[in-house]
Amino acid sequence: MNHTAELIAVGTELLLGNIANLDAQIISQGLSALGITVHYHTVVGDNPQRLADALDVARKRADIIITTGGLGPTYDDLTKQTICQAFGRELQFHPDILETIRAYFARTGRTMPENNRQQAMLPVGCTIFDNPVGTAPGCAFCEDGVHVLMLPGPPRECRYMFEHKAVPYLAFLTDGVIVSHEIRIFGMGESHVEARLREAMTTLTNPTLAPYAKENECMVRATAKAPDRAAAEEMLRPLVEQVRETLGDVVYGVDVGSLEEVVSGLLRERGLTLSAAESCTGGLIAKRLTDLPGASQVFRGGVVSYTNEVKTAALGVPEDLLAERGAVSEPVALAMAAGCRRLCGSDLAVSVTGLAGPEGDDRGNAVGTVFVALDWGDGALCRRLDLGPGRGREHIRNAAAQHVFDLLRRRLLGLPV
């Protein structure tokens, strides 16, 4: 049987934009893996009538409803009460659940307030989801062919309960799995990717291809539904290979986290080290590398040479070169990379210098003009980027960092640069 789900997030703070709805992402990804299709996400405030209206709509178009939030002890936590009224269920007090909540408070050195008692009230006949990482238990029941699951709102609690309680409950309802692979792309825009893959995207039904734009890169997701994971993987293997062949070397990985993750792995495989000299990116390249576990094996360090004085004093960029060509130039980018490699004692070094805005320079360079360079001792290369004015400083900085990692990837793999 094919199941469809709707997620209803309860919380005025979500509508105000004070917090992001991370729960929806957690649950949607998990439901997809179970072969359950999510057709709608709904967000309602802490208002019983609006929640009742949302439930009335959801039960007509989905046979699985999952709510998050509104299970706490305060006066506006009314999810259980509203759901029980909508589905004609009574709430029942569970003394054992209350003792579990008391024990949770005791473990944290606190006394349970009396209003937490309402968290031990649960729908009659429900499957109870205990919550060892918080106070609010969740639950599930089926009424008139609709499965209703209630999960807590805090993402840490929601993730735990969904993975450890809701997934086993839902697994009994499903008759297949959905498996996806993410094909990550840098160097080709979404429209060009779609143009090359349009025929497959428009004709395939299972498996399928879908493009997604991401910041400074894009992605194609290949998805298959099958009775089990092995069968789905068998369907996906030739499709992923077809995408790789069609798009070529702009594909930097499948199911990888980021370009820097790929570069870090290549450096580790080859036993090489890297350093970075950064001007307009302000240390972003170093940050992205050191965010990765085990970065110390491949990254020796870097210099944020934001001024000409630091470019000269720390990296040895000649003053006369800066005066003649300006900081935003190919020879300065090459000198920065060479100086950083010598200073840090690394096998390779990258550099980036450019104009992130809001203004160009007095040498005719517009905002978005960036030079990225790579030095490996026996040789060097530089790439000029025109990242465009009007996109904002953050976009230019992130795009420049992406190009640096792509330059490294291509050099390490022997690809055209």
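The values are calculated or read from the model by the stated rules, or taken from the named source; none is laboratory data. What you are looking at is a predicted structure, and each value in this text was computed from that prediction instead of being measured. Reconstructed Cβ throughout: ideal geometry from the backbone, glycine too, with neighbour counts over all protein chains shown. Each accessible area value is taken on the protein alone, full model and side chains, heavy atoms only, with ligands, DNA and RNA left out. Shrake-Rupley method; radii C 1.70, N 1.55, O 1.52, S 1.80 Å.
Taking the stretch 303-317, which residues are touching a Gly at 6+ places or on another chain (Cβ under 7 Å) and surrounded by 17 or more Cβ atoms within 10 Å (Cβ to Cβ)? Selection gives VAL304, LEU315, VAL317.
Within the stretch 103-126, the set of residues being within 22 Å of TYR169 (Cα to Cα), surrounded by fewer than 17 Cβ atoms within 10 Å (Cβ to Cβ) and not hydrophobic (A, V, I, L, M, F, W, C) comprises GLY125 only.
Given the stretch 1-102, what helices (runs of 4 or more DSSP H) lie entirely inside it while holding 2 or more residues that are surrounded by 14 or more Cβ atoms within 10 Å (Cβ to Cβ) and β-branched (Val, Ile, Thr)?
Working: elements: 12-15, 22-34, 48-61, 79-87.
Passing ranges, in order: 22-34, 79-87.
Scanning the stretch 194-224 for residues that are touching a residue at least 40 places away in the same chain (Cβ under 8 Å) and within 15 Å of ARG244 (Cβ to Cβ), we see that the one that is most open to solvent (accessible area, probe 1.4 Å) is ARG196. Select from the stretch 202-217 the residues that are in a strand (DSSP E or B) and either of a type in the set (Phe, Trp, Tyr) or more than 16 Å from GLU182 (Cα to Cα) (or both) and list them in ascending order. Passing the criteria: only TYR212.
The rows are residues; the columns are (1) in contact with a Cys (Cβ under 7 Å, 6 or more places away or on another chain); (2) without any contact (Cβ under 8 Å) to a residue 60 or more places away in the chain; (3) of a type in the set (D, E, K, R).
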residue: LEU348; (1), (2), (3): no, no, no
residue: SER351; (1), (2), (3): yes, no, no
residue: GLY360; (1), (2), (3): no, yes, no
residue: ASP386; (1), (2), (3): no, yes, yes
residue: VAL404; (1), (2), (3): no, no, no
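When residues in the stretch 154-176 are screened for being in a loop (DSSP other than H, G, I, E, B) and within 22 Å of VAL124 (Cα to Cα), 2 of them pass.
Scanning the stretch 146-176 for residues that are surrounded by fewer than 20 Cβ atoms within 10 Å (Cβ to Cβ) and in contact with a Lys or Arg (Cβ under 9 Å, 6 or more places away or on another chain) yields VAL146, GLY176. The single condition among (1) farther than 19 Å from LEU34 by Cβ; (2) assigned to a strand (DSSP E or B); (3) modelled with pLDDT under 95; (4) β-branched (Val, Ile, Thr) that VAL179 does not meet is (1).
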